[in-house]
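Colleague: The structure is given below, and queries will be raised subsequently.
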Amino acid sequence: MSERRAIIPDNIDLLRDNTPCIFQSNPSNHPDRFKCMLEPTAISSEPGTYNNDLLALRGLNGCVIDVRPVTWAWEGNAFIFQSVESLDVINDCFAAGVLISESGYGAAEDTLFG
């Protein structure tokens, strides 16, 4: 197993606010992506690109979703990412009031154990 590194930047809390996540389809401006609003946190536009490495994040009741982060905390209140999951799955796992956290496993491992 490769050395584990921090996934979520130290100063960012991915604490969901009380609104549902949304799917953004806008092929003229950017690839399809999801946006989950957060309680205010530090601003992070990293990594700032699309099709980044797949990362496993944990949500409600230990569910795990593989995501490709686009921005960790756009304007300090929006987690934007790509995923193959449906909007329903995203909203069930990254539900309102949930603190999204690192899964502790690599994406491929969580797919097996999730």
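The values are calculated or read from the model by the stated rules, or taken from the named source; none is laboratory data. None of the values given here were measured: they were computed from a predicted structure. Methodologically, a virtual Cβ is constructed for each residue, glycine included, from the backbone with ideal geometry; neighbour enumeration extends over all protein chains shown. Please note that ligands, DNA and RNA were not included when accessible areas were found on the heavy atoms of the full protein model with its side chains. Shrake-Rupley method; radii C 1.70, N 1.55, O 1.52, S 1.80 Å.
Colleague: Regarding segment 43-51, can at least one residue be identified that is modelled with pLDDT of 95 or more, buried (at least 18 other Cβ atoms within 10 Å of the Cβ) and touching a helix residue (DSSP H, G or I) at 6+ places or on another chain (Cβ under 6 Å)?
Modeller: No, the conditions are met nowhere in segment 43-51.
Colleague: So residue 83 clears everything in (1) closer than 18 Å to residue 12 by Cα; (2) buried (at least 16 other Cβ atoms within 10 Å of the Cβ) except one condition, right? Which one?
Modeller: (1)
Colleague: I'm trying to understand the selection: among the residues of segment 7-24, which are open to solvent by 30 Å² or more (accessible area, probe 1.4 Å) and in contact with a helix residue (DSSP H, G or I) (Cβ under 8 Å, 6 or more places away or on another chain)?
Modeller: Result: 20, 22, 23.
Colleague: Between residues in segment 57-81 that are touching a residue at least 12 places away in the same chain (Cβ under 8 Å) and residues that are of a type in the set (Phe, Trp, Tyr) and surrounded by fewer than 19 Cβ atoms within 10 Å (Cβ to Cβ), which pairs lie under 7 Å by C-beta distance while being six or more apart or on different chains?
Modeller: Matching pairs, first to second residue: 70/50; 80/74.
So that you can scan it fast, the table gives a plain yes or no per residue for (1) out of contact with any Pro (no Cβ under 6 Å at 6 or more places or on another chain); (2) among the hydrophobic types (A, V, I, L, M, F, W, C); (3) under 17 Å from residue 90 (Cβ atoms):
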site	(1), (2), (3)
7	yes, yes, no
20	yes, no, yes
27	yes, no, no
33	yes, no, yes
41	yes, no, no
48	yes, no, no
60	yes, yes, yes
67	yes, yes, yes
70	yes, yes, yes
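Colleague: Step by step: first the residues of segment 25-42, then only those that are over 14 Å from residue 67 (Cβ atoms) and at pLDDT below 95, then the one that is least open to solvent (accessible area, probe 1.4 Å). Which residue is that?
Modeller: 30
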